[in-house]
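Participant: Below is a structure I'd like to ask you about.
The values are calculated or read from the model by the stated rules, or taken from the named source; none is laboratory data. Just so it is clear, the structure is predicted and the values come from calculations on it, not from any experiment. Note that we place each Cβ from the backbone using ideal geometry, even for glycine, and neighbour counts take in every protein chain shown.
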Amino acid sequence: MQDLQKKDFDTLLGWLSPNKHDAGQRYENIRQKLLKFFEWRGCFAAEECTDQTMDRVAAKLSQGEEIQTQNQYLYFLGVARNVLLEYLKVQKIKCYSLDELPSSQIPATDPEEIEEDQFGEEQWQKRLSCIRRCLQALPEEKRLILTGYYQGERRAKIDNRQRLAQWLRLSENALRIRTHRIRDELESCIEKCMKKNSE
């Protein structure tokens, strides 16, 4: 967590477990599950949304809020749902309530059963296969724009987008609009692919 101050990070780890080693393992485990949660919902900024979720929980703890829960991951998941909805609104893409998503796109909701749920794992593999297939079906220029737009982290991502806009001779706003159109096209393809696989 690059954005967290050491004190906030230590507070978060202390909440996860009094044992430092156990706390570190829980942190990594929760982080990986959150990444999968965001990726499963087609979030192209899964890393950033995961970091934001962790930051928000750490901030609440640092401000002295007492978070009492029997399942810490479920608490993170509740925060992650809000982060996802905010992300979808900002990106101005069609936003479904998580409860209204097609069943083919919903993973196991019990965090303790995600890895054990064979059906969920099969659906995840099918979705990955559809993503790859639909990416390959895009014309090369569209594929390069889409992958280039989301490449890198933080400052590197901003620099990549500026270079991409210059290469295409577009303003950054025009690039953003064009990328969103390509992404909508990709998501439509993925949806059709998943529907076809479930028939």
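Participant: Report whether or not residue 36 is closer than 24 Å to residue 191 by Cβ and modelled with pLDDT under 85.
Facilitator: Spelling it out, it is not the case that residue 36 is closer than 24 Å to residue 191 by Cβ and modelled with pLDDT under 85.
Participant: Quickly run through the stretch 25-77 and pick out the residues that are under 13 Å from the mean Cα position of the chain (by Cα) and outside any helix (DSSP H, G or I).
Facilitator: Once the filter is applied, which keeps residues that are under 13 Å from the mean Cα position of the chain (by Cα) and outside any helix (DSSP H, G or I), the stretch 25-77 yields 41, 42, 43, 44, 45.
Participant: Quick check on my filter: what residues within the stretch 153-199 are touching an Asp or Glu at 6+ places or on another chain (Cβ under 8 Å), hydrophobic (A, V, I, L, M, F, W, C) and surrounded by fewer than 16 Cβ atoms within 10 Å (Cβ to Cβ)?
Facilitator: none
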